[in-house]
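Working notes, beginning with the structure itself.
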Amino acid sequence: MKRSEVIPELENVLGLEVGTINEEANIADVPQWDSMAILSFIAFVEDQFDLVLEGDQISEVKTFKELFDLIGDKFE
């Protein structure tokens, strides 16, 4: 999966319209980003990238870019 494909998937998980978020967006500005969304994102990353993220890692990020950076070199 390409990095650019993760944003629409995340928007779907959050119940947002496509194009609502971008990498520079502040996660705190998205009310739908709650504990259930975090768990869904962790499951998505594990399924798509065979990578296990920890809640502590995710809680430290401020933007979606930082969130996607956690996936690192697992993108195509």
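Among the residues of the stretch 14-53, count how many are small (G, A, S), in a loop (DSSP other than H, G, I, E, B) and closer than 15 Å to F64 by Cα. Outline the logic, then answer.
Just the residues of the stretch 14-53 that are small (G, A, S), to begin with: 15, 19, 25, 28, 35, 37, 40, 43.
Narrowing the set further to residues that are in a loop (DSSP other than H, G, I, E, B) leaves 15, 19, 25.
Right, trim to closer than 15 Å to F64 by Cα and you get 19, 25.
Of the residues in the stretch 14-53, 2 are small (G, A, S), in a loop (DSSP other than H, G, I, E, B) and closer than 15 Å to F64 by Cα.
May I ask you to verify whether V6 is crowded, with 16+ Cβ neighbours inside 10 Å and either at pLDDT below 95 or not in a loop (DSSP other than H, G, I, E, B) (or both)? Step through it out loud before you land on a result.
Numbers: crowded, with 16+ Cβ neighbours inside 10 Å: yes; either at pLDDT below 95 or not in a loop (DSSP other than H, G, I, E, B) (or both): yes.
Yes: the conditions hold for V6.
Being small (G, A, S) and surrounded by fewer than 13 Cβ atoms within 10 Å (Cβ to Cβ) is the filter here; which residues of the stretch 14-42 pass it?
G15, G19, A28, S35
Residues to consider are V13, V30; find the one that is modelled with pLDDT under 90, farther than 21 Å from D73 by Cβ and not charged (D, E, K, R). Before you say what the answer is, go through the steps one by one.
Numbers: V30 fails: modelled with pLDDT under 90.
Result of the check over V13, V30: V13.
Quick one: E11 ticks every box in (1) exposed (fewer than 10 other Cβ atoms within 10 Å of the Cβ); (2) assigned to a helix (DSSP H, G or I); (3) in contact with a Ser or Thr (Cβ under 8 Å, 6 or more places away or on another chain) bar one, so which box is it?
(1)
Name the single residue that is modelled with the highest pLDDT among those in the stretch 54-64 being exposed (fewer than 12 other Cβ atoms within 10 Å of the Cβ) and not in a helix (DSSP H, G or I).
Here the answer is K62.
The values are calculated or read from the model by the stated rules, or taken from the named source; none is laboratory data. Computed from a prediction, not measured in an experiment: that's the story for all the values here. Cβ: placed from backbone, ideal geometry, glycine included. Neighbour counts: every protein chain shown.
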